[in-house]
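The values are calculated or read from the model by the stated rules, or taken from the named source; none is laboratory data. This one's a predicted model, so the numbers in the text were calculated from it and none came from an experiment. Here the Cβ positions follow ideal geometry from the backbone for every residue, glycine too, while neighbour counts run over all protein chains shown.
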Amino acid sequence: MVIFENISKSFKSKNDNTLIGVVDNLSFEVEKGEFFCIVGPSGCGKSTIINLIAGFLKPENGRVLIDDCLVTKPSPKRTVVFQDHILFPWKTVAQNIEFGLKFKIPEKIQRKERVDFFLEKFRLEKFANYYPFEISGGMKQKAALARASAVEPKIILMDEPLASLDQQTRDLLQEELIKFKNEFSQTIIFVTHNIEEALFLGDRILVLTQRPAKFKTIINNPFPNPRNPDIRNKTDFINMKHKIWHLLREEII
Ligand SMILES: Nc1ncnc2c1ncn2[C@@H]1O[C@H](COP(=O)(O)OP(=O)(O)OP(=O)(O)O)[C@@H](O)[C@H]1O
Ligand SMILES: [Mg+2]
């Protein structure tokens, strides 16, 4: 379980050194195995929240607990998938996936088995020997996801991982992601601007205020998992999307 407890975080302005509040006394809890989505206005502090859970940043007030342990630094138990798939350009897809496993699985043959397994899971077998510049954006994002998953972290933190993709690729990857999640039941914390994406993927959706990010509300997804891709065109789903959009609009205007 992830407990994000009474967290406040600010940064010093680079212009006049004043403190700019980015997260303000925010608390929420994420259950083990949950797909938890976070939506909020642009620039409200979403990536900062991911960085705090990852242990890249320290809060001024409050604490992050994961399975009762205080987060003080990054750990391989949590991996982050960023918007701009950070693959090593000089390594092939297979080598990228293998990279994170070097310490975890010292035995080359066993490591290769794990790489092959994840290449297959993400249907990347045909691209195993391609370099990132030789594959599409969707494939790159899949490779980044495969690399993050191969180390079998307890928690995967995703910061708008599908944002740079075209709509069709994005829809397909959402469907693959949910299949993957249902098979491996990791805890996923997923930040997105896209309300439809949050409603399609999330078991629960945390809605944030504008900066500094405060708790606005949490929505329990009324549509049960697994969600059929056609749900995106159903009236109930579209109405729910509008409801969340109105909550966000109150923050933006
Ligand atoms: N390391 C940092 N140093 C100084 N300011 C920072 C730092 N990281 C973030 N900020 C500031 O904190 C605010 C929130 O940034 P953050 O990236 O968390 O927002 P976001 O909700 O993820 O934005 P977006 O919707 O554009 O992805 C911004 O004003 C940003 O400039
Ligand atoms: Mg961000």
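Applying the condition of being of a type outside the set (A, V, I, L, M, F, W, C) and touching a Phe, Trp or Tyr at 6+ places or on another chain (Cβ under 8 Å) to segment 161-179 and asking which residue is farthest from ligand 1 (Cβ to nearest atom) yields E176.
Listed by first and then second residue, the pairs with beta-carbon distance under 9 Å, at least 6 apart or on different chains, first residue in segment 106-118 and in the same structural domain as V93 (by TED's automatic domain parsing), second of a type in the set (D, E), are R111/E98; K112/E98; R114/E98; R114/E152; V115/E98; D116/E125. Scanning for something part of a strand (DSSP E or B) and either of a type in the set (G, A, S) or within 16 Å of ligand 1 (Cβ to nearest atom) (or both), does segment 129-143 turn up at least one residue? No, there is no match, as no residue in segment 129-143 is part of a strand (DSSP E or B) and either of a type in the set (G, A, S) or within 16 Å of ligand 1 (Cβ to nearest atom) (or both).
Give the residue, chosen from F237, F180, that is at pLDDT below 95, assigned by TED's automatic domain parsing to the domain that holds A54 and assigned to a helix (DSSP H, G or I). Before you say what the answer is, go through the steps one by one.
Details: F237 fails: at pLDDT below 95.
It is F180.
Has segment 198-207 got at least one residue that is in the same structural domain as I20 (by TED's automatic domain parsing), without any contact (Cβ under 8 Å) to a residue 24 or more places away in the chain, touching a Leu at 6+ places or on another chain (Cβ under 7 Å) and on the phi < 0 side of the Ramachandran plot? No: zero hits. Residue count for segment 29-39, restricted to those that are in contact (Cβ under 8 Å) with a residue 40 or more places away in the chain, under 14 Å from F4 (Cβ atoms) and not hydrophobic (A, V, I, L, M, F, W, C): 2. Please verify whether L101 is away from ligand 1 (no atom under 16 Å from the Cβ), part of a loop (DSSP other than H, G, I, E, B) and under 23 Å from I189 (Cα atoms), treating the condition exactly as stated. For L101, the condition - away from ligand 1 (no atom under 16 Å from the Cβ), part of a loop (DSSP other than H, G, I, E, B) and under 23 Å from I189 (Cα atoms) - is met. Taking segment 61-120 as the range and being surrounded by 13 or more Cβ atoms within 10 Å (Cβ to Cβ), closer than 30 Å to K9 by Cβ and of a type in the set (D, E) as the test, only D84 passes. For segment 68-98, the set of residues classified as in a loop (DSSP other than H, G, I, E, B), under 17 Å from L52 (Cα atoms) and of a type in the set (S, T, Y) consists of T72, S75, listed by residue number. Within the set E107, E60, the sole residue that is at pLDDT 95 or above and more than 18 Å from A143 (Cα to Cα) turns out to be E60.
What about F82, is it under 23 Å from Q141 (Cβ atoms), within 16 Å of ligand 2 (Cβ to nearest atom), outside the structural domain of V191 (by TED's automatic domain parsing) and not aliphatic (A, V, I, L, M)? Steps first, answer last, please.
On the way: under 23 Å from Q141 (Cβ atoms): yes; within 16 Å of ligand 2 (Cβ to nearest atom): yes; outside the structural domain of V191 (by TED's automatic domain parsing): yes; not aliphatic (A, V, I, L, M): yes.
For F82, the condition - under 23 Å from Q141 (Cβ atoms), within 16 Å of ligand 2 (Cβ to nearest atom), outside the structural domain of V191 (by TED's automatic domain parsing) and not aliphatic (A, V, I, L, M) - is met.
When residues of segment 56-67 are filtered for being in contact (Cβ under 8 Å) with a residue 40 or more places away in the chain and either within 16 Å of ligand 2 (Cβ to nearest atom) or over 18 Å from I189 (Cβ atoms) (or both), how many remain? Residues in segment 56-67 being in contact (Cβ under 8 Å) with a residue 40 or more places away in the chain and either within 16 Å of ligand 2 (Cβ to nearest atom) or over 18 Å from I189 (Cβ atoms) (or both): 3 in total.
The criterion of at least 2 residues that are out of contact with any Lys or Arg (no Cβ under 8 Å at 6 or more places or on another chain) is met by the following strands (runs of 3 or more DSSP E) wholly inside segment 1-54: 2-12, 19-30.
Condition check ((1) among the hydrophobic types (A, V, I, L, M, F, W, C); (2) within 16 Å of ligand 2 (Cβ to nearest atom)) across all residues:
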| residue | (1), (2) |
| --- | --- |
| G21 | no, no |
| P41 | no, yes |
| A54 | yes, yes |
| S75 | no, no |
| R78 | no, no |
| V93 | yes, no |
| I97 | yes, no |
| F103 | yes, no |
| Q110 | no, no |
